[in-house]
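The values are calculated or read from the model by the stated rules, or taken from the named source; none is laboratory data. What you see is a predicted model; the values in this text were computed from it and never measured. No Cβ is skipped: glycine too gets one built from the backbone with ideal geometry, and neighbour counts run over all protein chains shown. Quick note on the areas: whole protein, heavy atoms, side chains included, nothing else; ligands and nucleic acids left out. Shrake-Rupley method; radii C 1.70, N 1.55, O 1.52, S 1.80 Å.
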Amino acid sequence: SMKFKETRTDKQPARDISKILKKNKDGVVEVVPGYLNERQDLISNSSINPAGNTIYYTVCKFINDSDIRCEIYKSDIDINGILTNEVKLSEPINMEGYTSTQPHITVDKNSGKELLYFVSDRPGGHGELDIWYSLMDPKFGLSEPVNIKEINTPNNEITPFYNPESDFLFFSSDGRESLGGYDVYKVIKINDAYGTVIPAGIPINSSYNDIYYVEKTDGSVAYL
């Protein structure tokens, strides 16, 4: 949620910052406690791995009065939502001077390895923000990121979500013919390649920004 304000010691107006919240079993919504939300940065884009023991998230810092730069972190998480052992992902996931954000951690159906999708403006892409992926090797860690050339455009591709049951990768883009703003698109993953990009269509897409699409693995319910 962006409903929080930074704490400033100078006379400049406090800027909006984000924190990650959780909803307990009793329905109470609260800020995730601990170091995650104590800093004066923008914390967002949380993604929990299928095993339920690691949470990935974005930490964004102001680099001037309005612009931000983001990096991806991860922490261990227990069944009560308590976070420990924070680690900033090293290169090649985070790259000095560039943004890495919107992590989505899932499992690659072919290899059985954890698969990290994320968004970055790093060199080697097709334009502004592109979608990249990296496979997690139990011994060597995350692999060199791969730019998904089949889907990226000179504009922005953001908010990736992969359904391992259907093998569809969903994302939003403002670089394709759309109904307006960002629209949701999907593309099937075939081994390590991706097929033809298809717009999600009405009623998912509209003349507004349609982003952060996620769905249940059986495709019966979607959120955006």
Query raised in the report: Residue separation times 0.36 nm, minus the C-alpha to C-alpha distance between Phe62 and Asp192: what's the value?
Result: 43.2 nm
Query raised in the report: Which translational diffusion coefficient, to the nearest whole µm²/s, is obtained for the stretch 75-224 from the Stokes-Einstein equation, given a Kirkwood hydrodynamic radius over C-alpha pairs, 20 °C and 1.002 mPa s?
Result: 133 µm²/s
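Too long at a 32 Å Cα-Cα cut-off: which of Lys3/Lys139; Lys3/Lys189; Lys74/Lys189; Lys23/Lys149?
Exceeds cut-off: Lys3/Lys139; Lys3/Lys189; Lys23/Lys149.
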Report task. Work out Dmax and Rg for the stretch 1-151 from the C-alpha atoms and quote the Rg first, both in angstrom. Result -> 16.4, 55
Query - Relative contact order [Cα under 8 Å, 6+ residues apart], the chain, whole percent - result: 10 percent
Query - the stretch 60-82-the stretch 93-156 distance, computed between alpha-carbon centres (Å) - result: 17 Å
Requested in this report: Would you kindly find the accessible area of Met136, with a 1.4 Å probe and non-protein molecules such as ligands, DNA and RNA excluded, rounding to the nearest 10 Å²?
Outcome: 40 Å²
**Report entry** Efficiency of FRET from Cβ geometry, Glu6 and Asn110, R₀ 41 Å, rounded to 0.05
**Finding:** 0.40
Report summary line: For Glu30, the net charge from surrounding residues (Cβ-Cβ under 9 Å; K, R +1; D, E -1) works out to +2
